[in-house]
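Chemist: Dumping the structure here so I can ask a few things about it.
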Amino acid sequence: MLSTMPIIAASKVDEIAGKFGLAWGKFFAQVIIFWIVFMVLKKFAFGPILAMLEQRRQRIADGEAKLEKIARDLAEAEKNAKNLLDKANDDAARLIKEAGDSAKSLAEKRQQEAIHEANQIIAKAREAAQLEHEQLMSQLKREFGRMVADATSRVTGKVLNSDDQSRINQETAAQVSL
Amino acid sequence: MLANVSPKAAEMGLFSFLTNSVIVALCVLGIVFFFSKKATTNMTLVPHKAQNLFEFLVEFLYGRVEGIVGVKQAKLAFPLLGTLFIYILTSNWFGLIPGVGTIGFGHAEGFLTLDPAHLEPLLRPPTADLNATIGLALSSFLVWLFLTIKEVGVWGFIVHTFGPKGGLKGVMGIAVAIVFLFVGVIEIVSIAIRPVTLSIRLFGNIFAGENVLHTMSDLLNNQGPIVSFLGSIALPLPFYFMELLVGLLQAVVFTLLCSVYIQLSTTHDDHGHEEGGDHHH
C-alpha cells in the first residue's frame with residue numbers, strides 16, 4: 001500500500017497542476033519577467049531615488065549644521081559686540097571724566113594765570129601812575145619855583161640872574177612838600 | 001458558482017509559455033519601466049511631478065521595510081521587497097481595468113458577446129495565475145535564504161532553528177533541547193510551506209476577486225438586454241472598490257510577510273527574537 005502512495009500523490013500533483021495550468025515554461029516566463037522588473041526598478045528607480053534621497057538628507061543635515069553654526073557665530077558676535085560696546089562705554093566714560101578733570105585743571109590754571117597777569121598789569125599801572133605823579137610833582141615844583149621867582153622879581157624890581165633863580169627854585173621846592 | 005473564470009491562464013498560441021497573464025506581466029514591465037524612467041530622468045533636488053511621486057513611494061516603502069528588517073538588512077532586502085510590492089500592486093490593479101478578463105476569444109453568443117463558460121480572455125493579471133504567484137513566492141524564498149545564510153551562516157541558521165533557548169542545564173536542559181529540536185522540525189516545515197501559503201493566498205484572493213466581478217456582471221444576464229446591461233454596470237461597481245482595496249492589501253500582505261520572514265531569520269539571538277508569532281497567516 002505504501003508503495004502506491006507516491007504514485008497517487010504524483011497523480012494528484014499532476015491533476016492540480018493541470019487544473020491550475022502549472023507548467024515550467026509559464027512558470028519561468030513569469031519568473032524571468034519579474035526579475036526583469038526587479039532589475040529595471042533597481043537600476044532606474046530605487047538606485048537613483050535612494051541616492052537622491054540620501055543626497056537631499058545630507059544637504060538638509062549640512063544646512064542644519066550650518067544653521068547651528070550661524071546661530072552660534074551670531075551669539076558669539078552679539079556677545080563680542082556687547083563686550084565691545086561695554087568697553088567703549090567704559091572708555092568713553094573714563095575719557096569724559098578725564099576730559100572734565102583736565103578741563104577743570106586747565107580752567108584753574110588759566111584762572112591763576114589771569115589773576116597773576118591782572119596783578120602784574122595793576123602793579124605796572126601803579127608804577128606808571130606813581131611815575132607820572134612824580135613827574136607831575138616835579139613839573140609843578142619847577143613851575144611853582146618859576147612863579148615864585150617871577151613874583152620875587154616883580155616885588156623887588158630886581159632882575160634875577162640865573163643863580164638867584166636857581167636858588168629861589170631850590171628853596172621853594174624845599175619849602176613845598178606835596 | 002465560480003465557473004466564469006478559468007483557474008488557469010489561457011495560452012495565446014504562438015508559444016506554450018505565452019499566456020494571457022504573461023502578456024499582462026509584460027505590460028506591467030512596460031508600465032514600470034516607463035514610469036521609473038520618467039521619474040528618474042533629469043532628477044533634481046527640487047523634484048518634478050513624476051520624481052516626486054516615485055520618491056514618495058520609495059521613501060514610504062523603504063521606511064516601512066527598514067522598520068521591520070532593520071537598517072542593515074533594509075539596504076539588501078529593499079530592492080526585492082519594493083519590487084514585490086510595486087509588481088503585485090500594479091498587476092492586481094491592472095486586472096481591474098475594464099476589458100481585462102472580459103475581452104478575448106470564445107464561442108459567440110450574440111453581438112459582441114461570448115459564452116462566459118468558454119471565454120479565453122486576452123488579458124489576465126499575473127497574480128491570478130498560479131505560475132506567477134509561485135514564481136514570486138519562490139523568488140522571495142531564495143532571496144530570504146540568501147540573506148539569512150549571508151547574515152547568520154549555515155551553522156548559525158541551524159543553531160537558530162534547532163538550538164535550545166533559555167540556558168537551562170542538566171536534565172531540564174536535555175528535556176528542553178529535545179523540545180526545541182522538535183520545534184525546529186516544525187519550524188523547518190513552516191519555512192518550507194511559506195512559498196505555498198504566499199503564492200496560494202495571493203492567487204486565491206485575486207482569482208476570487210475576478211470571479212466575484214464576473215459573477216456580479218453576469219447576475220442579470222437572463223433579464224432582458226437593458227436590465228442585463230444596467231446590471232452588468234451597477235452590480236459589480238461596489239466590488240470594484242473592494243477589489244481596489246484587496247489588490248492593495250494583498251500587495252502589502254505579501255511584502256510584509258516577506259519582510260517579517262527576513263527579519264525573523266536575520267535577527268541575532270542576543271537581540272531577543274523569539275519567533276513564536278511567525279507562521280501561518
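Chemist: If the reach is capped at under 13 angstrom between alpha carbons, list the aspartates and glutamates near A:Lys26, excluding any in the same chain fewer than eight residues apart.
Modeler: The reachable aspartates and glutamates, counting only those whose Cα sits under 13 Å from A:Lys26, are B:Glu11, B:Asp129.
Chemist: First measure r as the distance between the Cβ atoms of B:Thr197 and B:Ala177, then evaluate 1/(1 + (r/R0)^6) with R0 = 25 Å and state the FRET efficiency to the nearest 0.05.
Modeler: Rounded to the nearest 0.05, the efficiency is 0.30.
Chemist: By the scheme Lys and Arg +1, Asp and Glu -1, what is the net charge of all other residues having a beta-carbon under 10 Å from that of B:Val24?
Modeler: 0
Chemist: Once label points are set 7 Å from the Cα along Cα→Cβ at both A:Trp24 and B:Ile97, what is their separation, rounded to one decimal in nm?
Modeler: Each label point is offset 7 Å from its Cα along the Cβ direction, giving 3.3 nm.
Chemist: Multiply the residue separation of A:Gln139 and A:Arg57 by 0.36 nm, subtract the distance between their alpha-carbon atoms, and state the gained length in nm to one decimal.
Modeler: Full extension from A:Gln139 to A:Arg57 adds 17.8 nm.
Chemist: Further question on the same structure: Regarding region B:20-271, what is the average projected area of its C-alpha convex hull, in nm²?
Modeler: 18.1
Chemist: So which chymotrypsin sites (Phe, Trp or Tyr not before Pro) in region B:1-102 end up in coil per DSSP with only 12 or fewer other C-beta atoms within 10 Å?
Modeler: B:Phe15
Chemist: While we're looking at this one, here's another question. Expressed in whole Å with the largest first, what are the equivalent ellipsoid semi-axes of region B:124-251 derived from the C-alpha gyration tensor as the square root of 5 times each eigenvalue?
Modeler: 50, 16, 10
Chemist: Now for a separate question. Excluding residues fewer than 8 places away in the same chain, name every one of the aspartates and glutamates whose C-alpha is closer than 14 Å to that of A:Lys124.
Modeler: A:Glu132
Chemist: Per residue, how much space in cubic angstrom lies within the convex hull of the C-alpha atoms of the protein assembly as shown?
Modeler: 429
Chemist: For a Förster distance of 35 Å, can you work out the FRET efficiency between the beta-carbons of A:Glu113 and A:Arg167, rounded to the nearest 0.05?
Modeler: Rounded to the nearest 0.05, the efficiency is 0.05.
Chemist: Can you work out the base-10 log of I(q)/I(0) for region B:150-225 at q = 0.27 1/Å, using the Debye formula on its C-alpha atoms alone?
Modeler: -1.14
Chemist: Could you list A:Ser102, B:Ser190 in order of exposure, starting from the residue whose Cβ has the fewest other Cβ atoms within 10 Å?
Modeler: By the 10 Å Cβ count, ascending: A:Ser102, B:Ser190.
Chemist: Report the one residue of B:Ile88, B:Phe33, B:Leu18 whose Cα lies farthest in the direction of the positive end of the charge dipole of chain B (charges on C-beta: Lys and Arg +1, Asp and Glu -1; origin at the Cα centre).
Modeler: Going by the charge dipole, the pick is B:Phe33.
Chemist: While we're looking at this one, here's another question. Shielding by partners for B:151-160, please: the mean number of other protein chain Cβ atoms within 10 Å of each residue's Cβ.
Modeler: 0
Chemist: Determine the equivalent ellipsoid of chain A by diagonalising the alpha-carbon gyration tensor, then write out the semi-axes as square roots of 5 times the eigenvalues, largest first, rounded to whole Å.
Modeler: Value: 149, 16, 7 Å, ordered largest first.
Chemist: Using alpha carbons only, how many degrees (0 to 90, rounded to 10) separate the axis of helix B:71-94 from the longest principal axis of chain B?
Modeler: Approximately 20 degrees, to the nearest ten.
Chemist: Which one, B:Phe229, B:Ser265, B:Pro126, is farthest towards the positive end of the dipole of region B:20-271 when Lys and Arg carry +1 and Asp and Glu -1 on their Cβ?
Modeler: About the Cα centre, the residue reaching furthest to the positive side is B:Ser265.
Chemist: What are the residues whose amide H is under 5 Å from the amide H of B:Glu120, where those residues sit 5 or more places off or on another chain and H is modelled from the backbone?
Modeler: The list, which skips near neighbours in sequence, is B:Phe105, B:Gly106.
Chemist: In degrees from 0 to 90, rounded to the nearest 10, what is the angle of the helix B:130-162 Cα long axis to the longest principal axis of chain B?
Modeler: The answer is roughly 0 degrees.
Chemist: Go ahead and run the numbers for FRET between B:Gln223 and A:Ile36, Cβ-Cβ distance against an R0 of 56 Å, rounding to 0.05.
Modeler: Efficiency, rounded to the nearest 0.05: 0.75.
Chemist: A further question on this structure: Dipole size in debye (nearest 20) for region B:20-271 around its Cα centre, Lys and Arg Cβ +1, Asp and Glu Cβ -1?
Modeler: Result for region B:20-271 is approximately 720 debye, rounded to the nearest 20.
Chemist: So, one more: Return the subset of A:Lys43/B:Lys49; B:Lys37/B:Lys72; A:Lys66/B:Lys72; A:Lys12/B:Lys150 for which the Cα-Cα distance in this structure is over 31 Å, preserving the input order.
Modeler: A:Lys12/B:Lys150
Chemist: If a helix is a whole DSSP H run, which ones in chain A reach 15 Å or further along their own axis (Cα) and hold a mean Kyte-Doolittle hydropathy of at least -1.0?
Modeler: Taking the DSSP H segments of chain A (at least 15 Å long, mean hydropathy at least -1.0), we get A:5-20, A:24-40, A:47-156.
Since every read-out is calculated from the coordinates, none of them should be taken as a lab result. These figures come from a predicted structure and were not determined experimentally. With ideal geometry, Cβ positions are generated from the backbone for all residues, glycine too; neighbour counts draw on all protein chains shown.
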